[in-house]
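Enquirer: One structure coming up, written as structure tokens, with questions to follow.
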Amino acid sequence: MNERPRILVADDEHSMQEFLDILLRKQGYEVQTVRDVASATMALDSDDYDLLITDMQMPDGTGVDLLRHARQAAPDLVVIVITAFATTETAIEAMKEGAYDYITKPFKVDEILLVVQKALEKKLLATENRRLRHALRSERQQRSLVGNSPAMEQLYEMVSRVAATKTNVLIYGESGTGKELVARAIHDESERCERPFVALNCAAIPETLLESELFGHMKGSFTGAVANKDGLFESAEGGSLFLDEVGEISASLQVKLLRVIQEKVIRRVGGTKDTEVDVRLIAATNRRLEDEVSAGRFREDLYYRLNVIQLELPALRERMEDLPLLVHHFVEKYARELGKEVRGVQPETMDLLAHYSFPGNVRELENIIERAVALARDEWVGIDALPTAVTADVPAATPAIPAEGVQLEQLIADYERGLLREALSRAGGVKKKAAQLLGISFRSFRYRLEKLGLDGPPAAE
């Protein structure tokens, strides 16, 4: 630690406060002493400490009371409990509440100093591990979420802010915008990052199986249930459960999901006992759930339980400035996976991609680039490696006007005359069919033929 470790001592005996204050300050620690639980609670709420040494019995409470408060106010705080009333029960209770160690009075000086040293080493190691985990999570997020457009910068900020909370999150975005990636980023930056992240696409599971998938089932509860099975809520215990396309779940299942959120318990299909669960829900949808609520297809109370915080993901067409970064990212990814020596795309290829509308968003772009890398003939992806959907979506070029100018009416007449002749040819000279090909009435077609001098002998109608 760069700064001196800070220790809070809570003990109602003045002599013990003075002894520990002198002893610990001699070791280079910064020490503050208090005489009761209320003063210790106030100190923990107003300042940061590395270590708490607390007596088990104080006038207004116990060391266990202080431990419980410390766990909420300062989760990283290391706590040592000391007492003259040592029993197995109090030792077990203190350790259950998260105490690092338990020492009985009277204790030896060397004993307390060794425990303090080990406790502070544990705190230092935990702090360093947390820093490394945060760096790793940030690196993972940077690898999965690509873009530096204003919309993405705003999304990154929201992910970090949301991850620090414990509330449920609703992610809205069109298909292919990366809703699961954002959910994973929220989990990876949260305090639950060491616990499981479990994902389920609600639209991909038949309604009859979805309840069992979420809550588990008991042996014999239905045909094929040959053994007890954990549900995804149990699998995600302590972590995060991502429910994609949550708007697709049935009305009856909505009721059961609401109960889980409210009561923090699940009951397996065919079971009679409730099981407590600690899971953060992250839901996603490509439909506006408020519209589903208005239409009576989604429960309003469940909507508000899920929609505590809402994140809206931008479509790719709304952040096209990120296209070069995304293309480079996917080229690198699939060149590595496919063992191809592909470095990038040709300028005209990038230009075609920039004019494409990407109805399938980033997922469609990824599929396009994977295909292009697989078909690439050299280190630069050419137009020939793009699917026809991309090349056909390019807007027609505006004809250039020569320096001497043009006769617009004549150009239009010549173009119309060519269309009329083509329609007649394809219709075998039958004017009614030719008119239908051009989407105009037979009368209008005859008028245009006469106007342009094309009204010859009629074919059999």
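The values are calculated or read from the model by the stated rules, or taken from the named source; none is laboratory data. All figures in this text were calculated on a predicted structure; none of them were measured in a lab. Methodologically, a virtual Cβ is constructed for each residue, glycine included, from the backbone with ideal geometry; neighbour enumeration extends over all protein chains shown.
Enquirer: Which of (1) surrounded by fewer than 12 Cβ atoms within 10 Å (Cβ to Cβ); (2) under 19 Å from Met58 (Cβ atoms); (3) not aliphatic (A, V, I, L, M) does Tyr102 not meet, given it meets every other one?
Expert: All conditions pass for Tyr102, except number (1).
Enquirer: If you don't mind, another one. When both residues are 6+ apart or on different chains and their Cβ atoms are under 6 Å apart, which pairs have a first residue that lies in the range 167-180 and is closer than 12 Å to Leu311 by Cβ and among the basic types (Lys, Arg), and a second that is modelled with pLDDT of 95 or more and in a strand (DSSP E or B)?
Expert: Note: pairs meeting the criteria are Lys179/Ile171; Lys179/Ala284.
Enquirer: Hey, another quick one. Regarding Val277, is this residue surrounded by 14 or more Cβ atoms within 10 Å (Cβ to Cβ) and in the same structural domain as Arg195 (by TED's automatic domain parsing)?
Expert: Numbers: surrounded by 14 or more Cβ atoms within 10 Å (Cβ to Cβ): yes; in the same structural domain as Arg195 (by TED's automatic domain parsing): yes.
So Val277 passes the test.
Enquirer: Among the residues of the range 230-271, which ones are free of Cβ contacts under 8 Å to residues at least 40 places away in the same chain and among the acidic types (Asp, Glu)?
Expert: Residues satisfying the conditions are Asp230, Glu263.
Enquirer: Separate question: Filter the range 135-167 for residues that are modelled with pLDDT under 90, in contact with a Leu (Cβ under 8 Å, 6 or more places away or on another chain) and under 14 Å from Ala183 (Cβ atoms) and give the result.
Expert: Selection gives Ser144, Leu145.
Enquirer: All but one of (1) over 23 Å from Glu121 (Cα atoms); (2) in a helix (DSSP H, G or I) hold for Asp12; state the number of the condition that does not hold.
Expert: (2)
Enquirer: Can you list residue pairs whose Cβ atoms sit under 9 Å apart, with the first residue in the range 66-82 being closer than 16 Å to Arg35 by Cα and without any contact (Cβ under 8 Å) to a residue 12 or more places away in the chain and the second being in a helix (DSSP H, G or I) and among the β-branched types (Val, Ile, Thr)? Count only pairs 6 or more apart in sequence or on different chains.
Expert: Hits for this filter: zero, empty list.
Enquirer: Let me ask something else about it. With the requirement that a residue be acidic (Asp, Glu), under 21 Å from Asp50 (Cβ atoms) and under 45 Å from the mean Cα position of the chain (by Cα), what does the range 90-116 give you?
Expert: Glu97, Asp101
Enquirer: If you take the residues of the range 426-438 that are small (Gly, Ala, Ser) and more than 58 Å from the chain's Cα centre (by Cα), which of them is farthest from Leu454 (Cα to Cα)? Walk me through how you get there before you give the answer.
Expert: If we filter the range 426-438 for residues that are small (Gly, Ala, Ser), which is where we start, we get 427-429, 434-435.
Going one step further and asking which of them are more than 58 Å from the chain's Cα centre (by Cα), we end up with 428-429.
Details: Gly428: 15, Gly429: 12 Å.
Ranking the qualifying residues of the range 426-438, first place goes to Gly428.
Enquirer: Continuing with the same structure: Given the conditions (1) over 17 Å from Val115 (Cα atoms); (2) more than 37 Å from the chain's Cα centre (by Cα); (3) not β-branched (Val, Ile, Thr), and given that Gly28 satisfies all but one, which numbered condition is not satisfied?
Expert: Of (1) over 17 Å from Val115 (Cα atoms); (2) more than 37 Å from the chain's Cα centre (by Cα); (3) not β-branched (Val, Ile, Thr), only one is false for Gly28: (1).
Enquirer: Sticking with this one: Kindly list, by first and then second residue, each pair from a residue in the range 83-111 that is charged (D, E, K, R) to a residue that is surrounded by 12 or more Cβ atoms within 10 Å (Cβ to Cβ) and at pLDDT below 85, limited to pairs with Cβ atoms under 6 Å and residues at least 6 apart or on different chains.
Expert: Lys105/Ala84
Enquirer: Considering only residues of the range 246-273 that are in contact with a helix residue (DSSP H, G or I) (Cβ under 8 Å, 6 or more places away or on another chain) and assigned to a loop (DSSP other than H, G, I, E, B), which is surrounded by the fewest Cβ atoms within 10 Å (Cβ to Cβ)?
Expert: Applying the filter and picking the extreme gives Ser250.
Enquirer: Yes or no: Ala74 modelled with pLDDT under 90, under 39 Å from the mean Cα position of the chain (by Cα) and surrounded by 13 or more Cβ atoms within 10 Å (Cβ to Cβ)?
Expert: On the way: modelled with pLDDT under 90: yes; under 39 Å from the mean Cα position of the chain (by Cα): yes; surrounded by 13 or more Cβ atoms within 10 Å (Cβ to Cβ): yes.
Yes.
Enquirer: If you don't mind, another one. Go through the range 399-426 residue by residue and tally those that are in a helix (DSSP H, G or I), exposed (fewer than 11 other Cβ atoms within 10 Å of the Cβ) and of a type in the set (A, V, I, L, M, F, W, C).
Expert: Number of matching residues: 2.
Enquirer: Whether any residue in the range 71-94 is out of contact with any helix residue (DSSP H, G or I) (no Cβ under 6 Å at 6 or more places or on another chain), in a loop (DSSP other than H, G, I, E, B) and of a type in the set (Gly, Ala, Ser) is what I want to check.
Expert: So far as the range 71-94 goes, yes, one or more of its residues are out of contact with any helix residue (DSSP H, G or I) (no Cβ under 6 Å at 6 or more places or on another chain), in a loop (DSSP other than H, G, I, E, B) and of a type in the set (Gly, Ala, Ser).
Enquirer: If I ask for residues that are without any contact (Cβ under 8 Å) to a residue 24 or more places away in the chain and either under 23 Å from Asn367 (Cβ atoms) or basic (Lys, Arg) (or both), which ones from the range 154-166 would you list?
Expert: Within the range 154-166, the subset without any contact (Cβ under 8 Å) to a residue 24 or more places away in the chain is 154, 156-157, 161.
Arg161 - this is the single residue of the range 154-166 that is without any contact (Cβ under 8 Å) to a residue 24 or more places away in the chain and either under 23 Å from Asn367 (Cβ atoms) or basic (Lys, Arg) (or both).
Enquirer: Out of Val327, Val345, Val331, Val293, which single residue is surrounded by 15 or more Cβ atoms within 10 Å (Cβ to Cβ) and touching an Asp or Glu at 6+ places or on another chain (Cβ under 7 Å)? Break it down stepwise before answering.
Expert: Details: Val327 fails: touching an Asp or Glu at 6+ places or on another chain (Cβ under 7 Å); Val345 fails: touching an Asp or Glu at 6+ places or on another chain (Cβ under 7 Å); Val331 fails: touching an Asp or Glu at 6+ places or on another chain (Cβ under 7 Å).
Going through Val327, Val345, Val331, Val293 in turn, just one is surrounded by 15 or more Cβ atoms within 10 Å (Cβ to Cβ) and touching an Asp or Glu at 6+ places or on another chain (Cβ under 7 Å): Val293.
Enquirer: Filter the range 21-51 down to the residues that are in contact (Cβ under 8 Å) with a residue 12 or more places away in the chain, not in a loop (DSSP other than H, G, I, E, B) and not hydrophobic (A, V, I, L, M, F, W, C) and list them by number.
Expert: Listed by number, the residues that qualify are Asp21, Glu30, Gln32, Thr33, Ser39, Thr41, Asp45.
Enquirer: Does Glu18 count as in the same structural domain as Lys122 (by TED's automatic domain parsing), surrounded by fewer than 16 Cβ atoms within 10 Å (Cβ to Cβ), free of Cβ contacts under 8 Å to residues at least 24 places away in the same chain and acidic (Asp, Glu)?
Expert: Numbers: in the same structural domain as Lys122 (by TED's automatic domain parsing): yes; surrounded by fewer than 16 Cβ atoms within 10 Å (Cβ to Cβ): yes; free of Cβ contacts under 8 Å to residues at least 24 places away in the same chain: yes; acidic (Asp, Glu): yes.
Yes.
Enquirer: Oh, and also: Return the pair list, or none, for Cβ contacts closer than 7 Å from residues in the range 344-356 that are assigned by TED's automatic domain parsing to the domain that holds Leu325 and among the charged types (D, E, K, R) to residues that are at pLDDT below 95 and surrounded by fewer than 17 Cβ atoms within 10 Å (Cβ to Cβ), at least 6 apart or on different chains.
Expert: Final answer for the pair search is Glu348/Ile383.
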